[in-house]
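Engineer: Attaching a single structure in structure tokens format; questions to follow.
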């Protein structure tokens, strides 16, 4: 059956509307895609800037801590890139003991006071999420025992040294009251025994360097930085 000229015109008109609708839809989808892409790029850029700012502030704080402690005749090693402060523990603890001696208590108390002072500054509060007090030992097995005749391992020794360091810092500077910007406790502690040596344990000099208390300043995530 042949279509009349009017019917053919109506069909062409309808098909024209159909293709215009598809074109409008594709244009809208492309516009949405561009908006999403722009937002993604902006978010990534903002997160990168936030991370860099936190990273730089942490490095700045570690350098400041080292300088302030040096004025008090307390020498600490710092690693601004990784966010670590290292304190040799041989002069603070007797061999196989987790009890801080008087010199150790005074030194740890001074370090806690300096950290508390620095962490009172808003830019450092923004940068730091958690401060970990870490106990580390060498790989030499312990000969003494702990408790009811049970052998005390390096893992237990390192953990207890970290706990006692935390307790001493809290007694001197009330660090247990300190919170991060999300209202969570700022300080934590852990023991690693010989699992994270800074040098080889094959020499006495290396083992002495590995026996340490390390304070690690963990950065706030960029996401947390952006949503505040």
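Engineer: For residue 84, state whether it is under 14 Å from residue 214 (Cα atoms) and surrounded by fewer than 21 Cβ atoms within 10 Å (Cβ to Cβ).
Structural biologist: yes
Engineer: Taking the stated definitions as given, is residue 100 crowded, with 17+ Cβ neighbours inside 10 Å, under 16 Å from residue 124 (Cβ atoms) and either modelled with pLDDT of 95 or more or under 13 Å from the mean Cα position of the chain (by Cα) (or both)?
Structural biologist: Spelling it out, it is not the case that residue 100 is crowded, with 17+ Cβ neighbours inside 10 Å, under 16 Å from residue 124 (Cβ atoms) and either modelled with pLDDT of 95 or more or under 13 Å from the mean Cα position of the chain (by Cα) (or both).
Engineer: Can you confirm whether residue 45 is modelled with pLDDT under 70, under 23 Å from the mean Cα position of the chain (by Cα) and farther than 19 Å from residue 131 by Cα?
Structural biologist: yes
Engineer: Next question, about the same structure. Within the stretch 144-195, work out how many residues are in contact with a helix residue (DSSP H, G or I) (Cβ under 8 Å, 6 or more places away or on another chain), in a helix (DSSP H, G or I) and at pLDDT 95 or above.
Structural biologist: Residues meeting the conditions: 9.
Engineer: Another question, if that's okay. Are there any pairs with C-beta distances below 8 angstrom linking a residue in the stretch 56-79 that is free of Cβ contacts under 8 Å to residues at least 24 places away in the same chain to a residue that is in a helix (DSSP H, G or I) and surrounded by fewer than 20 Cβ atoms within 10 Å (Cβ to Cβ), with the two at least 6 apart or on different chains, and if so which?
Structural biologist: Qualifying pairs under 8 Å: 78/63; 78/66.
Engineer: Just need a number here: residues in the stretch 103-129 that are surrounded by 15 or more Cβ atoms within 10 Å (Cβ to Cβ) and within 19 Å of residue 212 (Cβ to Cβ).
Structural biologist: Residues that pass the stated criteria total 11.
Engineer: State all residues of the stretch 196-228 that are modelled with pLDDT of 90 or more, out of contact with any strand residue (DSSP E or B) (no Cβ under 9 Å at 6 or more places or on another chain) and in a loop (DSSP other than H, G, I, E, B); if no residue qualifies, say none.
Structural biologist: Within the stretch 196-228, 199, 200, 201, 202, 203 qualify.
Engineer: Farther than 24 Å from residue 105 by Cβ and over 21 Å from the mean Cα position of the chain (by Cα): which single residue out of 154, 164, 201 fits that description?
Structural biologist: Criteria check complete, one pass: 201.
The values are calculated or read from the model by the stated rules, or taken from the named source; none is laboratory data. Everything quoted here is computed from the prediction, not taken from an experiment. All Cβ positions, even for glycine, are placed from backbone atoms using ideal geometry, and neighbour counts span all protein chains on display.
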